[in-house]
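Below you'll find the structure, written out as structure tokens, and then a few comments.
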Amino acid sequence: MKLATSKYKIKSKSNFKTNSKLKHPLPSEEITSYYFNLTPAMLEKFMEIRNWIYELSFADEKIGEIEECLKWGEPSFLTPKTKSGSTIRMAKVNDSEFALYFNCKTSIAKEISIEFPEFNCDGKRALYLSASNKLPKTKLIVCLKKALLYHKRKSETNGYS
């Protein structure tokens, strides 16, 4: 089975890890399979966001190491060592749309919907994005940081360190 190429030069499942331009290796065959089944446009968006998550973790020691795994069969990002953040999950909604999902028991989606009313955010748990539009990098990085530092921010505002 062949997948159309994108800027990540992914042509087949077997060379996904080795011949792509991935800055951060994929941690498992299951995650590789999930990404492999996306359209080229959506794959490119997922890889951009994935790279930003890892870059944020390297740039801020409060975030610490990222664990990438599957939750509900979809790529998810956690901060297991620092426990600073709440899970971010990326999932295909349909062929032209995907979402970033946040824990519905947090205020992350509500914060995003207030700060960025132009986003398609339900205010409860999901931020919907188009696979065909350019990602608003600066704004999405703010959203990702809200999630990756959620518990840290909450403890600091409650007087804990």
Residue check, SER76 against (1) in contact (Cβ under 8 Å) with a residue 24 or more places away in the chain; (2) in contact with a Ser or Thr (Cβ under 6 Å, 6 or more places away or on another chain), all met but one. Which one?
(1)
Cβ-Cβ under 7 Å, sequence separation 6+ or interchain: first residue in segment 136-153 and part of a helix (DSSP H, G or I), partner among the aliphatic types (A, V, I, L, M) and at pLDDT below 95. Which pairs?
none
Without any contact (Cβ under 8 Å) to a residue 24 or more places away in the chain, touching a helix residue (DSSP H, G or I) at 6+ places or on another chain (Cβ under 7 Å) and surrounded by fewer than 15 Cβ atoms within 10 Å (Cβ to Cβ) - does that describe any residue in segment 61-69?
yes
Restricting segment 76-119 to residues that are part of a strand (DSSP E or B) and open to solvent by 20 Å² or more (accessible area, probe 1.4 Å), the residue that is nearest to SER155 (Cα to Cα)
LEU78
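Only one residue in SER132, SER86 is in contact (Cβ under 8 Å) with a residue 60 or more places away in the chain, of a type outside the set (Lys, Arg) and within 14 Å of LEU144 (Cβ to Cβ), so which one is that? Walk me through it before giving the result.
Working: SER132 fails: within 14 Å of LEU144 (Cβ to Cβ).
Exactly one of SER132, SER86 is in contact (Cβ under 8 Å) with a residue 60 or more places away in the chain, of a type outside the set (Lys, Arg) and within 14 Å of LEU144 (Cβ to Cβ), namely SER86.
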Can you tell which of ARG125, ARG89 is among the charged types (D, E, K, R) and in contact with a Cys (Cβ under 9 Å, 6 or more places away or on another chain)?
ARG125
Among (1) farther than 25 Å from PHE36 by Cβ; (2) in contact with a Ser or Thr (Cβ under 8 Å, 6 or more places away or on another chain), the one test that ASP95 misses
(1)
Does segment 20-50 hold any residues that are among the β-branched types (Val, Ile, Thr), farther than 19 Å from ILE141 by Cα and under 16 Å from the mean Cα position of the chain (by Cα), and which are they?
ILE31, THR32
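Among the residues of segment 48-68, which ones are touching an Asp or Glu at 6+ places or on another chain (Cβ under 9 Å) and within 11 Å of MET90 (Cα to Cα)? Walk me through how you get there before you give the answer.
Start the filter on segment 48-68 by keeping residues that are touching an Asp or Glu at 6+ places or on another chain (Cβ under 9 Å), which leaves 50, 53-54, 57.
The answer is ARG50, and nothing else.
The values are calculated or read from the model by the stated rules, or taken from the named source; none is laboratory data. The shown structure was predicted, so the numbers you read here are calculated from the model rather than taken from an experiment. All Cβ positions, even for glycine, are placed from backbone atoms using ideal geometry, and neighbour counts span all protein chains on display. These area figures cover heavy atoms from the full protein model, side chains too; ligands, DNA and RNA do not enter into them. Shrake-Rupley method; radii C 1.70, N 1.55, O 1.52, S 1.80 Å.
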